[in-house]
Amino acid sequence: MSVSQAGTALCGGIDVGGTKIEAQLFGAGFAPLAKRRLPTSRGDFRDFMAVLAEQVEWIMAATPKAAPIGVALPGIVDPETGASTAANLPIGGRNVAAALRTRFGRDFAFLNDCSAFALSEARGGAGEGFETVLGLILGTGVAAGFCQRGAEAPGRLNRLAVEIGHVGISARALEGLNLPLIRCGCGRLGCYETYVAGPGLARLAEAGLGLRISGEELAAHPEGEAVLEIWADLAAEALDQARLLLDPQCVVLGGGLSRLPGVAERLAAALARRPLGDLRPPALRIATFGDASGGRGAAIHAGSLTP
């Protein structure tokens, strides 16, 4: 949909990813009006900022002056210096917010992309009506965001999202599986992400079937069920650790692997095999807004900061 066809845009959100930077326009109630995708530059910081600025300009051209614009950024941003730490993006050690402020003479609202996902789903999405929502992304990587009462959880020292993907996998999860410890892209050894993300599932398929295939292909393979059960068991172990630490009422699943057939039921069954007293399990839901949640959550965050 073009901007001219979009209707009255009141705010915007930008979701920065490793392969694309998606800008979205929203109307009243954060109703989606239009979106625009550009490939993420793999060059230097200046090239990256040029693409991001182009998306900001597209939103500003379609919205009132000083309209709220939020940016969902992957990785970690130091809350004191603004310096970024992110894999697959040329922004390491750079202050993206300051660079945009210098270019446009105004501030923009930033938050982690997983936090944006959780916020979007907590406000009108699959987590609506729950006081605490964990948004768990199972895609190229594994990470999560945590919302409390429809807002980003406050009071965190480093403003971290729930970096469950970079928690070390437990010994009990690997017991009897004859799987090696794998070096993660973050530099650590044996992160959950190396087994539970999309590439991790492909590794499990290779170990079990001798075939390095995708989750979709695995679901259709006649011997794929056993591999999917191992994957679900490892993913549920990570989910169990998040549950024990955060005790969310609802877990919303996003990312490419959330589209596997019956994934919520599969993970619920694996989580039920990890009882601890009379703990009630969280509700497991599939994201309502899917890939659009990052930009939508960024817009919601920006709107919440506007007087």
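What nm value, rounded to one decimal, do you get for the distance between Ser214 and Asn178 when each label is placed 7 Å out toward the C-beta? Taking the simple label geometry, Ser214 and Asn178 are separated by 3.0 nm.
For the chain, what proportion of DSSP beta bridges, expressed in % and rounded to the nearest 5, is antiparallel? If we restrict to bridges inside the chain, about 60 percent are antiparallel. As a rough footprinting exposure proxy, the listed residues Asp247, Asp278 were ranked by other beta carbons within 10 Å of their own, and the order from fewest upward is Asp278, Asp247. For Pro180, neighbours were defined as the other residues whose beta-carbon sits under 13 Å from its Cβ, and their charges (Lys and Arg +1, Asp and Glu -1) total +1.
Taking the Cβ-Cβ separation of Glu206 and Ile286 as r and a Förster radius of 25 Å, what is the calculated FRET efficiency to the nearest 0.05? Once the sixth-power term is evaluated, E becomes 0.40. As a proxy for reagent exposure, Val167, Val142, Val133 were ordered by neighbouring Cβ count within 10 angstrom, fewest first; the result is Val167, Val142, Val133.
Once the convex hull of all Cα atoms in region 128-287 is built, its volume per residue stands at 116 Å³. Across the options Ala238, Phe45, Ala269, the greatest Cα extent toward the positive end of the charge dipole of the chain (unit charges at beta carbon of Lys, Arg, Asp, Glu) belongs to Phe45.
Return the Rg/Rh ratio of region 39-104 with Cα-based radii and a Kirkwood Rh.
Radius of gyration relative to Kirkwood radius: 0.97.
Where a number appears in this text, it was derived from the coordinates with a stated rule and is not lab data. The structure displayed is predicted, hence computed values, not measured ones. With ideal geometry, Cβ positions are generated from the backbone for all residues, glycine too; neighbour counts draw on all protein chains shown.
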